[in-house]
1. Which lysines does K44 reach when only Cα atoms under 30 Å apart count, and residues fewer than 8 places away in its own chain are ignored?
2. Averaged per residue, what accessible surface does region 65-200 expose to a 1.4 Å probe, in Å²?
3. Starting from the Cα-Cα distance between L18 and S106, subtract it from 0.36 nm times their residue separation and give me the gain in nm to one decimal.
4. How many nm is it between the label spots at V243 and F74, if each spot is 7 Å from the Cα in line with the beta carbon?
5. Once R0 is set to 35 Å, what does the formula 1/(1 + (r/R0)^6) return for the Cβ-Cβ distance between K232 and N180, expressed as a FRET efficiency to the nearest 0.05?
6. Evaluate the charge dipole of the chain about its Cα centre and quote only its size in Debye, nearest 20, assuming +1 on the Cβ of each Lys and Arg and -1 on the Cβ of each Asp and Glu.
7. Write out the trypsin sites (Lys or Arg not before Pro) in region 162-248 meeting two conditions: DSSP loop, and at most 11 other Cβ atoms within 10 Å of their Cβ.
8. As an exercise, use a Förster radius of 30 Å and the Cβ-Cβ distance of I91 and F52 to find the FRET efficiency, rounded to the nearest 0.05.
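The values are calculated or read from the model by the stated rules, or taken from the named source; none is laboratory data. Source: prediction; values computed, not measured. Cβ placement follows ideal geometry from the backbone for every residue including glycine, while neighbour counts extend to all protein chains displayed. Heavy atoms of the whole protein, side chains included, go into the accessibility calculation; ligands, DNA and RNA do not. Shrake-Rupley method; radii C 1.70, N 1.55, O 1.52, S 1.80 Å.
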Amino acid sequence: MFRVSNNLVGILNLVTFLLSIPILVAGIWLSKQADTECERWLEKPVIVLAVFLMLVSLAGLIGACCKVSWLLWFYLLVMFLLILLLTVFTIFAFVVTNKGAGEALSERGYKEYRLGDYSNWLQDRVNNNKNWNKIKSCLHDSKVCSSFADKYLNDTVQQFYAEHLSSLQSGCCKPSNDCNFTYVKPTEWSKTMGVAYPNPDCNAWDNDPKVLCFNCESCKAGLLDNIKSNWKKVAIVNIIFLVFLIVVYSVGCCAFRNNRKDNAYWSRY
């Protein structure tokens, strides 16, 4: 018997299965090409995501088109758990990113960031030394400060102060405004020796390109502001994806009901 819902679930899962192939290829390519810890960390989630999509889409495809009820039941169970997980994550993302914002400075084009302004949960993640060492390694590998230094190399002090810097550039690549250091270059500042600075980040600053302000609280705060912005975008995308998943889940339920009806029909004959 021709069933619209079964065919629709089959088509959607066929598309998902085909999309999972390039994701898997990308994960395998990353595992072969990875030179940095950040790239090596990324490869595993990509491969796991691709395999997960393949298995779930195959279960939905075979369950709907071949009328294998137990596979379709498994597919619907996974979809339900995925909807539940995404709902929890979306709410969590909005809650933990609700606090924190950059502080606007007088006569400065950029903002500065304070770690204490952000949620305790996010603070705990970056205050963990093991986590932060990995993050620092990624920041070095991404050349966030070396590209920053090259871009603004020829700026005078007044031009530099007028620049609109990203949260990472402001927090990790230059000293805090509280320090009142003398500007030499974007990543080179002259310290006054023997001064008791009110902000501990001033003592953490070093002109060494490998150090800069990567050990500063402002760098951690800049990272959290970047995460906050990205998580809010992800949460909005999740809401759209959730609506799509709920529609697919509803169609899948119809397909499952059709399978049971057909099985009951053929069992009579």
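1. Result set, ordered by chain and number: K32, K130, K134, K136, K143, K210, K220, K228, K232, K233.
2. 57 Å²
3. Values: separation 88, 0.36 × 88 = 31.68 nm, distance 5.34 nm.
Length difference between fully extended and current span is 26.3 nm.
4. Placing both labels 7 Å along Cα→Cβ, they lie 3.3 nm apart.
5. Numbers: r = 34 Å, r/R0 = 0.97.
Approximately 0.55, to the nearest 0.05.
6. Working: 27 positive and 21 negative charges, 297 e Å.
With Lys and Arg at +1 and Asp and Glu at -1, about 1420 debye.
7. Working: sites: K191, K210, K220, K228, K232, K233; in loops: K191, K210.
The qualifying sites are K210.
8. Values: r = 22 Å, r/R0 = 0.75.
With a Förster radius of 30 Å, E is 0.85.
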